[in-house]
Amino acid sequence: NDIIIIGLTGGIGSGKTEAGRVLEGLGAVHVDADAISRSLTAPEGEALPEIRETFGDSVFNVDGTLDRRALAAAVFENPDRRRALEAILHPRVQRKSLEMIDRARENGASAVVLDVPLLFETGMDAVCDVTWVIEADPAERVRRIMTRDGLTEAEIEARIKNQMSDEDRAARATKVVKNDGSVERLAGE
């Protein structure tokens, strides 16, 4: 059966997760790379042994759970360590994403939304029929992230700087969707 795979991406705080939920509400199967990544690093997650082997005990809490803040701090300013973490997570996220797409196809779904922050950077756009980039006003993005994650403006700016620019994403996308605050308006797109 014919299934359309919509690759969905956008910078941190752009609203891509909400856009994914809107599309899910319209009947698409939502494959959320961030949620997959979180499950890989949740208690008993399959990526934990390799993370411990690579980064040591300092990125774990005493109860054996991952200390996400410590891990973020460990990889954030260090490109080699960030690549090491990506080498652990990205292949696993991709494999699970592809399994979910196959399951959606077997279940007769007509559309899958592949929601991946690093869609182009990881080459996952190759499995997509179309790619949508969600864009939002930079000040609005900062406000959302501060509210959602409790990060400082400097921490947010550093994360934005570490991502592909909106211009580069837009140049590679099939469609650019402006998210100027009303996710409901996105449904009209």
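The values are calculated or read from the model by the stated rules, or taken from the named source; none is laboratory data. Since the structure is predicted, the reported quantities are computational estimates derived from the model, not experimental observations. Heads up, the Cβs are rebuilt from the backbone with ideal geometry, glycines too, and the neighbour counts pull from every protein chain shown. Surface areas here come from the heavy atoms of the whole protein model, side chains and all, with no ligands, DNA or RNA. Shrake-Rupley method; radii C 1.70, N 1.55, O 1.52, S 1.80 Å.
For this structure, a couple of remarks:
- Three-way shape call for region 111-176 based on the alpha-carbon gyration tensor, with the a/c threshold at 1.5: prolate
- Counting only DSSP beta bridges whose two residues both lie in the chain, roughly 5 percent are antiparallel.
- If the chain linking E99 and I4 were pulled fully straight, counting 0.36 nm for each residue of separation and taking away their Cα-Cα distance, it would gain 32.7 nm.
- Estimated distance in nm for a label pair at N162 and E106, the labels positioned 7 Å out from Cα along Cα-to-Cβ: 3.6 nm
- Computed lengthening from L118 to E50, 0.36 nm per intervening residue step minus Cα-Cα distance: 22.3 nm
- Counting only aspartates and glutamates at least 8 places from K178 when in the same chain, those with an alpha carbon closer than 18 Å to its own are E18, D115, E135, D137, E140, D166, E167, D168, E189.
- Nonpolar atom fraction for the chain, defined as the carbon and sulfur part of the 1.4 Å probe accessible area, stands at 50 percent.
- Accessible-area rank, largest first, for F60, F76: F76, F60, with all protein chains present and a 1.4 angstrom probe.
- Solvent-accessible heavy-atom area per residue, rounded to whole Å², over the chain at 1.4 Å: 53 Å²
- The alpha carbon convex hull volume per residue for region 57-189 rounds to 160 Å³.
- Cα shape, region 41-111, gyration tensor, a/c 1.5 rule: prolate
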